[in-house]
Each structure stands twice: as C-alpha cells, then as structure tokens.
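See structure below.
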Amino acid sequence: MKALYFDCQSGISGNMTLGALLEITKDENYLRQELDKLHVDGYHITINKTVKNGISGTYVDVILENHEHHHDHHHHEHRNLHDINHIIDQSELDEKVKDLAKRIFLRVAKAESKVHQKSLDEIHFHEVGAIDSIVDIVGCAILIQQINPDVIYSSVVHDGYGYVECAHGTIPVPVPATSEIFTDPKVKMKQVDIEGEMVTPTGAAIIS
C-alpha cells in the first residue's frame, strides 16, 4: 500500500504543496507538460532548490507576466467557479486530475461564498480567479495523480496568529475562508504561537 503523508507543522499553501510533491516525483518537465494542457497563459513557473533553517526543499513560484491585454486582464480578475470548471473541463488533462482539481476549487468557493454570504455563482474572488491559484491547484492534482497513493494522511495543520492584508482590508489570521474550511471534522487545525498566516485558503482546501 502506498501512503502519502503531509506534515503541516509549518502550515500549507498551494505552492508549498507543489514543491513538496515535486520532491517526490522529481519530474518538473512532466508537471510543465501537463499544465500546458490547460491552455492558460500569462504566467511562468520557477522551480528552485532552496535551504531554509538548514533544511533543503523545493520552492515553486508562479510568476504572472504583465503583457496581458487589458480586456484579458480584466477577465482573469473576475473568473468565477463556472469559468474555472470550464477551463478544466476543456483541457486534455486526465479525468481523475480534472475531478480532484474541481473538488479542491469547490472547497475554496464554498468557504468564500459562506464568508461573503454570496451564492457560488456570485463569488468572483481573487483567490480562485487568479492564475496562480489555477496553477497551484491543478498542479497539485496532476502530481497527486502521478504519485497515485492508496491513502493520504495529514498531521494537524498549524496556523499562526495576527492580521494579514487582503483585497478586503485587514483580516485576522486564520483568515475566515481558512477557518471555514477547517470546520470539516475530517481535517484539524491548531493555532500556534507564530505571528503570520501559515495556511492559505488554497492550502486548506487541498488538505481538506
């Protein structure tokens, strides 16, 4: 039996998960060729080996390119769940990858809709609409399917405290959408004595 274990003592985000999964697959070319099947442009990915606190790891960064036309750019800012699902459905990705990516996006969308008291269709939010969220979430689905574990486990997820700036102003950590996702009894979060946001809504949705 193949088990995939996430150790989330330092929190979790989309790009942290991508980096961790790449440590296992060691195949960034596969990730890039699969992401090309989305037919989404306006970004490139950098993948670097880094050392933090004496421990080596892989850092993945999604860098947005600024040469989008204005009407395109406007469209990217205002994608909703329907638009995201359409992009995923129209891609040539494996059906299991499509299904997992859409389920992760739905987790984020449901949490945001509850926090903002809007319907799923009305959520035109930066988190889901942004290209980097699409790349992070679909990328994680691609790599999890490539690893193809029989079972996935996670530690208790740690988040910090304090405040963070977002599109809506200053909000407390854990941010409301993250807290909402962790109301699911199958995932557990614990606040620790570290200032700052250690868990993003995208990271929370992936692990849940």
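The values are calculated or read from the model by the stated rules, or taken from the named source; none is laboratory data. The shown structure was predicted, so the numbers you read here are calculated from the model rather than taken from an experiment. Note: ideal-geometry Cβ built from the backbone for every residue, glycine included; neighbour counts use all protein chains shown. These accessible areas exclude ligands, DNA and RNA; they are computed on the full protein's heavy atoms, side chains included. Shrake-Rupley method; radii C 1.70, N 1.55, O 1.52, S 1.80 Å.
Observations, loosely collected:
- Longest site-free stretch - the chain; sites: GluC sites (Glu not before Pro), DSSP loop, at most 16 other Cβ within 10 Å: 93-208
- Average Cα contact separation per residue, the chain, under 8 Å, 6 or more apart, as relative contact order %: 31
- Accessible area per residue (1.4 Å probe, heavy atoms of protein chains only) ranks His116, His78 as His78, His116, with the largest value leading.
- Reach of Lys2 by Cα under 23 Å, taken over lysines that are not fewer than 8 positions away in the same chain: Lys26, Lys96, Lys98, Lys186, Lys188
- In this structure, the amide hydrogen of Asp159, modeled 1.01 Å from its nitrogen in the peptide plane, lies closer than 5 angstrom to those of Lys190, Gln191, Val192, counting only residues at least 5 positions away or on a different chain.
- Dipole of the chain, positive end: most advanced residue of Gln117, Asn85, Ser56 [Cβ charges, Cα centre]: Ser56
- Qualifying aspartates and glutamates (Cα of each under 19 Å from Cα of Lys114; at least 8 residues distant if same chain): Glu122, Glu127, Glu180, Asp184
- On the chain, 50 percent of the accessible area sits on carbon and sulfur atoms, based on a 1.4 Å probe.
- A 1.4 Å probe run over the protein chains yields, for the chain, 55 Å² of accessible area per residue, whole-number rounding.
- Dipole moment magnitude, nearest 20 debye, the chain about Cα centre, only Lys, Arg, Asp, Glu C-beta charged: 740
- For the chain, excluding the exposed loop sites themselves (trypsin sites (Lys or Arg not before Pro), DSSP loop, at most 15 other Cβ atoms within 10 Å), the longest remaining stretch covers 27-117.
- A 1.4 Å probe, protein heavy atoms only, puts the accessible area of Phe182 near 30 Å².
- Look at (i) 8, 34, 39, 17, 1; (ii) 10, 40, 38, 12, 1; (iii) 7, 31, 33, 20, 8, 2, 0: the one that is P(r) over Cα pairs in 10 Å bins from 0, in percent derived from this structure is (i).
- The accessible-area ordering, largest first, of the residues Ile84, Ile55 stands as Ile55, Ile84, per a 1.4 angstrom probe.
- Taken as entire DSSP H runs, the helices of the chain that both span 20 Å or more between Cα atoms along their own long axis and average 0.5 or more on the Kyte-Doolittle scale are 131-147.
- Spin-label model, Glu23 to Glu65: label points 7 Å out along the Cα-to-beta-carbon direction sit 3.1 nm apart.
- Accessible area per residue was computed with a 1.4 Å probe on protein heavy atoms; Met189 scores about 60 Å².
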